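Comments concern the structure below.
The values are calculated or read from the model by the stated rules, or taken from the named source; none is laboratory data. Everything numeric in this text was worked out from a predicted model, so none of it was measured. Reconstructed Cβ throughout: ideal geometry from the backbone, glycine too, with neighbour counts over all protein chains shown.
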Amino acid sequence: MRGDQINLQNITARSATSPPSPQVRDGGVERVTKLIDVSRCIGCKACQVACSEWNDLRDDVGECVGVYDNPVDLSPNSWEVMRFNEYEDEQGNLEWLIRKDNCMHCAEPGCLEACPAPGAIVQYANGIVDFNSEHCIGCGYCVAGCPFDIPRISKKDSKAYKCTLCSDRVFHGLEPACVKSCPTGSIMFGTREDMHELAQSRTEYLHGRGFENAGIYDPEGVGGTHVIYVLQHADKPEIYNGLPNDPRISPLVDAWKGVTKPLASVAIGLAALTGFFHYATQGPKEVPKEEYDEVEDAETHEEDRT
Amino acid sequence: MSQSKKERGILRYGWFSRLNHWTIAISFVLLVLSGLALFHPFFWGFTALFGGPIMTRILHPFIGVFMSVFFAIMAVRFFKDSLIKRHDIQWLKQIKDVLSNRDEKLPPVGKSNAGQKLVYWIMVFSVPVLLVTGVIIWQPYFADAMPITLLRLGALLHAFVAFLAIITLIIHIYSGIWVKGSFQAMVRGRVSKAWAKHHHDLWYQEKMDEERRRKESLDRIAGQ
Ligand code: HEM
Ligand code: SF4
């Protein structure tokens, strides 16, 4: 490694790397979680601004397309986007559902599974999934691997970018920039346990307010996420701008990246070896000497004739 | 005169066929090495051959398109010689005899034997699939425009078909080492009559018939 990683000891998973990463010091590291309480968000986008500020990102000024989403999608320069949804509930009331969309920091990240470049994607003991631009080759496999459509490849430097959960801030004991900036307290940050407790009490509160289906979004299909939501309608995550109901690493990605590749690699080696051993046991395929003489005799014969 | 003529033997692959074959062969090996580097970390070291990991990623698809163009030409030119005939099926049934060098038991075959024809057909299937799926996953030019399922399918198919093509390539290269004279045939273009008769008797007979007819017509002209 080239000293480009903030804290080597705390890497617990590394892309395209089979041997285990250092884990001895895991014991002292608690997993962190960012809690996004959708029911409290007013859509002011302070968090988006704080994200750009802290990470020195300046996206191009876009165009208004008739909705509040701005920019309309994630980009290499916009690691989070507020997504606005107008939803008519069962009673016919209009609800404005605003979801902060960013990397979910899966416990079992699809990007990390797909990435072919050793160390371009790492996961720290505290659960944060980080891209290391130094090792990224810009192949875009992480885009195919992600169940949440998060990574974006830059047209400027052909490297993959996404929310880091402010891993740099967190390493120094600070909360992520978005958390710091939120005026309503809808983004909270702490240990996984604390955040679940908080989310639970918010859910109960929402139940009391008549949102019977309020609940926590912490999808099991990806081993849980280190960014969790409190949703008013946890039974229908799709209404929050297509939040997947049961996200998991696509079976296509599993088939592509799972056991088939090591097996195929071994098969390629064996194929070459088989050739060598075949040669060593059966010998080359040659034309027997007699046949040469035969054909030659016939030739000379014919030539004598003419 | 007769001596040098015998040395020259029968023309098996003309200069264009040879040039084209080796252009494809070199590109293909480069594709295999650069592709494998991304295929599994086992092979990550191959990135050193291409100027580093990023250059490997950038170069691979361009070599792929380059190779595909020349392959298309070869596919057309070798098409007729690669159609599977009844004797090819028999030859395949006796694959054990083939592998144990019991050549005297094998049925005579044409310009290509069934093994060579299979290599042809597997590649005729693989290269277009690799080209299409390769374009689908090609960053930064095309991949961003692809729906996610297509992207995943493209990556999956590219890897699987590449595996098929690599195994086929290994068999193909090994045959060139194993069957003495076949490598020479693709380098020099010509084979001895004995070699042709032994390995591709039907083709040899055809060539001999041609020669005889040519001679006869020459004789006829001379006689007039
Ligand atoms: C025919 C044109 C081809 C094109 C356009 C193409 C394109 C690509 C692209 C875009 C990638 C992703 C990495 C990168 O951007 O460099 C890739 C990966 C790969 N290619 Fe190709 N390729 C072609 C032919 C081939 C051939 C002939 C082989 C070998 C038989 C091959 C083997 C591979 C392998 C093994 C990978 C890694 C796949 C993985 O990581 O799952 N490719 N190719
Ligand atoms: S683009 Fe970068 S981070 Fe994404 S899979 Fe490729 S090497 Fe890994």
Test: residue in the range B:212-219 that is under 25 Å from B:Trp91 (Cβ atoms) and free of Cβ contacts under 8 Å to residues at least 12 places away in the same chain: no
Residues of the range A:246-288 satisfying the condition of being among the basic types (Lys, Arg) and assigned to a helix (DSSP H, G or I): A:Lys257, A:Lys261
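Given the options B:Gly154, B:Gly176, B:Gly223, name the one that is more than 16 Å from ligand 1 (Cβ to nearest atom), under 26 Å from the mean Cα position of the chain (by Cα) and small (Gly, Ala, Ser).
B:Gly176
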Residues of the range A:139-169 classified as under 25 Å from A:Asn10 (Cα atoms), over 9 Å from the mean Cα position of the chain (by Cα) and within 16 Å of ligand 1 (Cβ to nearest atom), total: 3
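Quick one: in the range A:106-125, of everything that is more than 14 Å from ligand 2 (Cβ to nearest atom) and either part of a helix (DSSP H, G or I) or in contact with an Asp or Glu (Cβ under 9 Å, 6 or more places away or on another chain) (or both), which residue is nearest to A:Pro76 (Cα to Cα)?
Looking at the filtered set, the residue picked out is A:Tyr124.
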Residue that is surrounded by the most Cβ atoms within 10 Å (Cβ to Cβ), among those in the range B:130-144 that are near ligand 1 (Cβ under 6 Å from one of its atoms) and away from chain A (no Cβ under 14 Å): B:Leu130
Qualifying position, being of a type in the set (Gly, Ala, Ser), farther than 24 Å from A:Gly190 by Cα and in the same structural domain as A:Lys159 (by TED's automatic domain parsing), among A:Gly92, A:Gly27: A:Gly92
Filtered residues of the range B:182-196 (kept if without any contact (Cβ under 8 Å) to a residue 40 or more places away in the chain and either out of contact with any Lys or Arg (no Cβ under 9 Å at 6 or more places or on another chain) or hydrophobic (A, V, I, L, M, F, W, C) (or both)): B:Phe183, B:Ala194
Condition check for A:Val143: in contact with an Asp or Glu (Cβ under 9 Å, 6 or more places away or on another chain) and within 16 Å of ligand 2 (Cβ to nearest atom): yes
Checking A:Pro237 against (1) closer than 25 Å to B:Phe42 by Cβ; (2) away from chain B (no Cβ under 14 Å); (3) not hydroxyl-bearing (Ser, Thr, Tyr), the condition it does not meet: (1)
Unmet criterion (only one of (1) surrounded by fewer than 16 Cβ atoms within 10 Å (Cβ to Cβ); (2) charged (D, E, K, R); (3) away from chain B (no Cβ under 14 Å)) for A:Glu294: (3)
Unmet requirement for B:Trp138, which otherwise passes all of (1) assigned to a helix (DSSP H, G or I); (2) aromatic (Phe, Trp, Tyr); (3) out of contact with any strand residue (DSSP E or B) (no Cβ under 9 Å at 6 or more places or on another chain): (1)
Filter pass, B:Val127 being under 24 Å from B:Met55 (Cβ atoms), more than 14 Å from every other protein chain (Cβ to nearest Cβ), among the β-branched types (Val, Ile, Thr) and part of a helix (DSSP H, G or I): yes
Selection status of A:Pro118, within 16 Å of ligand 1 (Cβ to nearest atom), in the same structural domain as A:Ser181 (by TED's automatic domain parsing), buried (at least 24 other Cβ atoms within 10 Å of the Cβ) and closer than 13 Å to A:Ser15 by Cβ: no
Scan of the range A:126-138 for residues that are within 16 Å of ligand 1 (Cβ to nearest atom) and either under 11 Å from the mean Cα position of the chain (by Cα) or outside any loop (DSSP other than H, G, I, E, B) (or both), ordered by number: none
